[in-house]
1. When the helix-only estimate is applied to chain B (DSSP H runs of n ≥ 4, each -39,500 (n - 2.57), divided by the residue count), what is the mean residue ellipticity at 222 nm, nearest 500 deg cm²/dmol?
2. Going by how many other Cβ atoms sit within 10 Å of their own, how do B:606, B:611 line up, fewest first?
3. Please arrange B:470, A:293 by how many other C-beta atoms lie within 10 Å of their C-beta, fewest to most.
4. Determine, from the Cβ-Cβ distance of residue B:500 and residue B:70 and an R0 of 56 Å, the FRET efficiency 1/(1 + (r/R0)^6), rounded to the nearest 0.05.
5. Kirkwood hydrodynamic radius, region B:321-491, all distinct C-alpha pairs: what's the number in Å?
6. From the phi angles alone, apply the Karplus equation (6.51, -1.76, 1.60; θ = phi - 60°) to region B:638-644 and give each ³J(HN,Hα) in whole Hz, x where the residue is Gly or Pro.
7. Between residue B:422 and residue B:515, what is the spin-label point distance in nm, taking each point 7 Å from the Cα along the Cα→C-beta axis?
8. Antiparallel versus total DSSP beta bridges in chain B: what percent is that, nearest 5?
Amino acid sequence: MSSDHPTDVSLVCHGASVTTSSAQPLFDSAFLRKLDRLTLLTRRAMVGNIQGERRSPRRGSSVEFADFRPYVHGDDIRQIDWNLYARMERFFLKLFVAEEELTIHLLVDNSASMDWGDPHKLTYARRLAAAFGYVALSTLDRVTVTAFAAGAGAQLRGVRGKAGALPLFAFLQRLQPGGSADLAAACKRYVRTAINPGPLILCSDLLDPHWEEALRALGSRPFEITLIHILAPQELRPQLDGDFRLLDAETGEAVEITADLETLQRYLEHLRNWQESIERFCHGRGITYVQVDTAQPVEEFILTMLRQRGVFR
Amino acid sequence: MSLLAPLALLSALIVGPLIVAMYLLKLRREERRVSSTFLWRRMVRDVEANAPWQRLRRSWLLFLQLLILILLAIALARPFFLTTGISGRNLIIILDRSASMAATDVTPSRLEAARRQAYTLVEQLPEGGRATVIAIGGQMEVVAASTTDRRQMNDAIRSITLSVGSRGDLSQALALAAALSAREPDSEVAIISDGNVQVPTDILVPATVRYFPIGQRGENMAISAMTLQPGPAGQMLFVQVTRYGSAPVTRRLDLYLDGSLFNAYELSFTADDAPGSSQTIIADIPAQVRVAEARLNSAPNEDYLPTDDRAWAVSQADSSMNVQIVGPGNRFLATALALLPGVTVTSATTAAGAVDPAPQVTIFDRVVPETLPTGNLFFIAPPRSTDLFSVTGVVEFPLLRPAPSAIEGQTPPLLRNISVSDVNVLRAMRVEPGIWARVLVEGDGSPILIAGEREGRRIVVLAFALQDSDLPLQVAFPLLVSNIIGYLAPGSGLEASQITPGQPLIVAVDPSATAVRVVRPDGRVEAAQVQDGQAIYASTGMLGPYLVEQVRGDQVIEQRRFAVNLFDPDESSIAPASELRVSQVSGLQQAVTREQVGRQEIWRWLAVAALLVVVVEWLVYQRTSLAYLRQRFRHMLAARRQSA
């Protein structure tokens with residue numbers, strides 16, 4: 001059905017899949033139904049723009065009692081607690097917890113380094129972002145998706161409700177790997193421009209010398225950050241033997257190595273140290289750090305790993 | 001060290017740069033795109049701290065490959081060392097295998113050392129060189145004839161075994177070598193021997209003769225003679241022990257009679273005794289003893305040749321020989337025959353009377369029968385012709401002299417110790433012999449003494465009657481009779497029971513015997529060949545007593561014993577000769593020793609080294625896989641230990 005219209009983006013819920021023009025389907029419908037049952041967890045209440053389903057730090061109109069406060073001129077008299085007036089003979093307003101929407105910030109690293117690996121890292125990131133977005137949309141949250149590397153238009157602002165799933169998937173499918181991306185600069189820019197800080201999910205391989213700076217920048221506003229660290233099996237367990245000239249996919253920079261067992265062991269040691277230092281850094285700043293090997297199926301990762309880590313419920 | 005093909009070194013100059021160029025090409029690494037060099041860069045920064053070592057390790061392979069190249073190039077250039085050896089292309093190896101080569105002064109034995117020397121010479125033979133291998137000692141044998149196949153040469157050399165037969169005789173072998181080397185240029189003759197060989201003086205070898213002496217020491221003691229004779233108290237044993245070295249020595253001689261120890265004698269030689277001096281033991285022993293054996297007890301450092309430390313003697317008490325004289329009667333002859341031990345003489349006027357047992361020798365004194373009897377014949381002054389010869393007349397007063405053919409070389413056995421020139425003869429028959437006969441003595445152009453073999457029987461003809469000469473009055477007469485009987489009836493008498501290794505046993509066979517068998521010293525029983533009333537058994541290479549039995553049905557009708565001993569002073573004096581006098585066409589009178597002309601090539605070792613380096617190079621190349629395998633192995637071990 002979808003193959004008849006290559007440019008058409010469709011979300012089909014029964015017996016088919018979500019596809020785009022170029023790529024394989026992001027998910028099948030069965031997985032989407034499973035996603036329907038998930039909710040993105042937040043550790044604290046955050047401010048939203050309009051009414052939604054999330055507890056907000058504001059007082060508003062839900063059924064959950066929050067507090068009383070004395071009436072001041074101009075308050076809505078409908079909120080006066082008359083029972084209390086009968087006892088105290090003074091006006092008090094009865095305040096309820098406001099339930100507002102949340103803005104979920106999805107940051108997808110589409111730099112050239114992500115366009116690599118088997119299974120492909122960027123595809124993995126797309127599917128993860130789609131899953132996060134879909135879960136957020138199904139709980140009436142607002143979703144903002146931003147890709148790092150590309151220029152203008154590489155941002156999908158504020159889609160909301162299940163109807164927003166379609167443009168979200170389309171946007172992610174359209175997302176092309178860009179050239180070189182300065183992770184730190186992109187993060188700083190995003191922090192400056194973002195409104196309504198909320199849960200922020202960063203899908204990246206962090207293969208950037210300035211990864212610490214980027215994370216620090218994100219931490220400067222009250223986002224609730226989840227870092228999904230995506231690495232391909234070829235990066236986690238390189239199978240090289242012989243003399244090679246390794247070319248950086250982003251910068252084209254070359255490194256000459258003689259790959260033997262000793263070299264590979266040293267590489268693995270470096271990799272482990274690096275991952276540990278990221279983890280330490282994240283731990284110190286309340287960032288949820290989740291490593292993922294693209295060899296692990298996305299479905300399995302989301303339904304088990306992320307639930308275990310308390311990202312979803 | 002020099003090179004046979006120095007141009008081959010150029011190959012290194014050609015291939016070497018090729019290897020280096022290919023290595024440099026190889027250094028252009030395979031390019032591979034990775035997501036990011038971020039992690040690799042950090043690692044390389046670490047590695048570059050010990051970069052010189054890294055670079056060295058990377059060039060390990062290059063180094064090993066160049067090493068292989070150098071080794072192979074040198075091997076191709078065929079380096080060699082000069083050693084004592086040969087330089088010709090046609091090699092004739094004369095290898096001594098006589099008894100003295102059994103000496104153990106060089107471990108394990110001289111023969112083995114000689115074989116090794118021969119292998120070395122074959123090795124030094126240039127590509128396509130030919131070799132002939134001749135073994136001397138006992139029967140001369142050409143074990144490899146002009147072959148280019150090295151394996152065949154080596155097999156031939158390996159097949160040479162000791163032969164305790166007669167002394168190594170170079171004359172035959174050198175004659176053959178001279179003939180072979182005359183045919184082919186660039187020939188060399190290599191004599192590998194201890195020098196205890198008969199060297200001919202009349203052969204001029206048209207090639208370089210090299211002598212490779214084998215052996216170091218000459219200490220040896222030998223039993224040089226041993227006989228058992230009838231004596232006043234039964235039998236008398238006579239043993240002679242000779243010391244060939246010069247060191248003082250004391251040895252014990254054990255005497256065994258029919259297998260059991262009889263007596264032991266202490267023999268000592270002092271340093272004052274000349275080399276070759278001997279001591280004699282004479283012992284009275286019982287008459288019934290059949291075989292006596294003498295053994296010198298072993299002494300490893302005083303006697304390097306064990307072969308001659310044992311000797312045997314056999315009793316002759318029961319052997320006899322029948323001689324029949326046919327004729328008018330001859331007192332001289334009867335007396336001379338009676339002096340010979342073990343001879344039974346019967347007389348008859350004519351040959352008609354059949355004698356039992358059939359006589360081995362029949363003497364016709366001035367008569368000739370119509371039909372000749374079997375057995376060997378001795379005619380004295382035959383009055384008329386027979387089938388064997390014809391009588392054409394009479395020669396008056398012939399002047400006797402040895403026939404010219406008898407002068408060349410050695411004295412024929414019949415004339416041993418006899419001078420015929422002072423024998424005066426009144427009248428002799430003019431005998432015209434058949435082609436079978438050899439004239440030993442002639443007088444005025446007419447044969448006087450002829451001898452020969454015809455149809456398996458031996459015949460001697462003396463042309464004059466004893467009464468017509470003064471021969472019976474001379475000392476030569478009994479000797480001549482003894483020689484003639486010894487010739488006509490071989491294998492009888494004292495002398496005949498004592499034979500040298502390789503000499504055939506000859507026994508006159510009773511016509512009624514159905515088989516003749518020989519019991520060898522090692523207990524094996526073999527059948528002897530019987531032909532024309534004689535049994536001949538030739539494989540007497542083993543020392544010890546032999547028993548020849550004639551069998552009729554199941555019954556043994558006659559037994560004769562022989563003792564095969566190495567009574568050869570030339571073989572027992574094992575001191576090696578350092579020089580060998582062989583005349584050569586080049587004018588040299590002496591075989592060349594210790595000239596460094598042999599080329600010991602070493603390319604094989606270089607090739608082996610190159611092969612080893614190839615293996616090492618492969619291991620270095622595969623070191624990652626090897627390390628991986630090692631790790632897997634370790635994991636496997638650990639897993640097994642955990643599960644245990």
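1. Mean residue ellipticity, 222 nm, calculated: -8000 deg cm²/dmol.
2. B:611, B:606
3. B:470, A:293
4. For residue B:500 and residue B:70, the calculated efficiency is 0.40.
5. 16.0 Å
6. These are the phi-based 3J(HN,Hα) values: 4, 4, 5, 5, 5, 6, 6 Hz.
7. 5.6 nm
8. So the antiparallel bridges in chain B amount to around 70 percent.
No value in this document is a laboratory result; all are computed from the given coordinates. From a predicted model like this one, the values you see are computed outputs, not experimental measurements. No Cβ is skipped: glycine too gets one built from the backbone with ideal geometry, and neighbour counts run over all protein chains shown.
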